Amino acid sequence: VSAAMSETLAQSSERTREVLDERARLMASLATKSQGSEPALEIVEFSLASQRCAIPTRFVSEMLPLPACTLLPGAPDHFRGVCTLRGQILLVADLARLFNFTESATTLAAADGEDQKPQLLMLNISRPELGLVTHGSCKTALLREQSITYSWDLATLPIGPLSQGITSDGLILLEGQSLLRDPRLFINQG
């Protein structure tokens, strides 16, 4: 009786695994069909002065109003300073200054009733590592990967390798990993 019971349980376990595997394949197939054949990238879209930019959401931990920053004497102009958030000190950079993006008259005034107050994007890989100042509100969106093209104009500094590409309507997609590793976004502590 004991051997028969063990055999039945083993067959039941194998059958359960087969059923679960088949369900997983079916669910994956349905998810792929519902997304369509075009891969999309989830992004956070924002403005740097008058330039529309975006970064994949996997690099953004939070979006919030820009808190008060303490200036860092002797730091390059593109650093707004540091701020404290929930007991952590966060370095805050303004990429519009780093990339030499200029503000147009429309970005200085509220455009279409949109709130143009500076926002803070907290970027990270595993923990908050860098705060970016954005101009106006941030929003999440899906970007068709097909719509991104690489432009050699973007390869020139100051953007350089920080760009994944640009869309036909002028949205620059920033490369999060490279951004978090760019030496221009660190303060020399030596």
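Key figures for this structure:
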| quantity | calculated |
| --- | --- |
| Solvent-accessible area of D21 with every protein chain in place, 1.4 Å probe, in Å² to the nearest 10 | 70 |
| Solvent-accessible area per residue, Å², over region 131-190 with all protein chains present [probe radius 1.4 Å] | 56 |
| Segment N124-T156, extension gain: residue separation times 0.36 nm, minus the distance between their alpha carbons | 9.0 nm |
| Residue-count net charge about T140 - beta-carbon cut-off 9 Å; Lys, Arg +1, Asp, Glu -1 | -1 |
| Share of alpha-carbon pairs per 10 Å distance bin for region 133-190, given as whole % | 19, 45, 30, 5, 1 |
| Label zone at A141, where the point sits 7 Å out along the Cα-to-Cβ direction: region 147-190 residues whose backbone N lies under 15 Å | 147-149, 165-174 |
| Under 5 Å, built H, 5+ apart or other chain: amide partners of E62 | M122 |
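The values are calculated or read from the model by the stated rules, or taken from the named source; none is laboratory data. This structure is a prediction, so every number in the text was calculated from the model and none was measured. Positions of Cβ are backbone-derived with ideal geometry, glycine not excepted, and every protein chain shown enters the neighbour counts. Please note that ligands, DNA and RNA were not included when accessible areas were found on the heavy atoms of the full protein model with its side chains. Shrake-Rupley method; radii C 1.70, N 1.55, O 1.52, S 1.80 Å.
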